[in-house]
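In what follows, a structure is listed as structure tokens, so that the remarks can point back to it.
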């Protein structure tokens, strides 16, 4: 499917278009698109693992008892699978005082962040099924 879509983009899209891939496996599909639409710069191709991102945000906001909207800069590396890696190393939370603090500092539990948090996000899809 993505080879055909990439070929269509190659033929019909402007070279400066921006492409957002959302179907799983998102990273793999973005790579296929890059290979079969070479006139589109790779910096213009990105992918979104939003469901997993939302799950990570939810875990952090629940743990810290803050609104999800106050949690920023959480990253999901990898495809939508048990090999994905939710990364909070650059994540921050905006406190009610207006101050921003790092998630790692606020959680203050590396065992949870490096263990249960990661596995919960990685395994959530399978747990629902």
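Every number here is computed from the coordinates shown, using simple stated rules; none is lab data. No experiment lies behind these values; they were computed from the predicted model shown. Reconstructed Cβ throughout: ideal geometry from the backbone, glycine too, with neighbour counts over all protein chains shown.
Each row is one residue, and each column tells you yes or no for (1) in contact with a strand residue (DSSP E or B) (Cβ under 6 Å, 6 or more places away or on another chain); (2) under 30 Å from residue 105 (Cα atoms); (3) surrounded by fewer than 16 Cβ atoms within 10 Å (Cβ to Cβ).
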{"site": "15", "(1), (2), (3)": "no, no, yes"}
{"site": "18", "(1), (2), (3)": "no, no, yes"}
{"site": "25", "(1), (2), (3)": "no, no, no"}
{"site": "28", "(1), (2), (3)": "no, no, yes"}
{"site": "50", "(1), (2), (3)": "no, yes, yes"}
{"site": "56", "(1), (2), (3)": "yes, yes, no"}
{"site": "61", "(1), (2), (3)": "yes, yes, no"}
{"site": "82", "(1), (2), (3)": "no, yes, yes"}
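Can you tell me how many residues in segment 1-13 are loosely packed, with under 12 Cβ neighbours inside 10 Å and either touching a residue at least 24 places away in the same chain (Cβ under 8 Å) or touching a helix residue (DSSP H, G or I) at 6+ places or on another chain (Cβ under 9 Å) (or both)?
Count: 2.
Return the total of residues in segment 86-113 being exposed (fewer than 12 other Cβ atoms within 10 Å of the Cβ) and over 16 Å from residue 66 (Cβ atoms). Even if it seems obvious, please write down each step before you answer.
Going through segment 86-113, the residues exposed (fewer than 12 other Cβ atoms within 10 Å of the Cβ) turn out to be 89, 96-99, 105, 108, 110-111.
This time we only want the ones that are over 16 Å from residue 66 (Cβ atoms), so: 89, 110-111.
Within segment 86-113, residues that are exposed (fewer than 12 other Cβ atoms within 10 Å of the Cβ) and over 16 Å from residue 66 (Cβ atoms) number 3.
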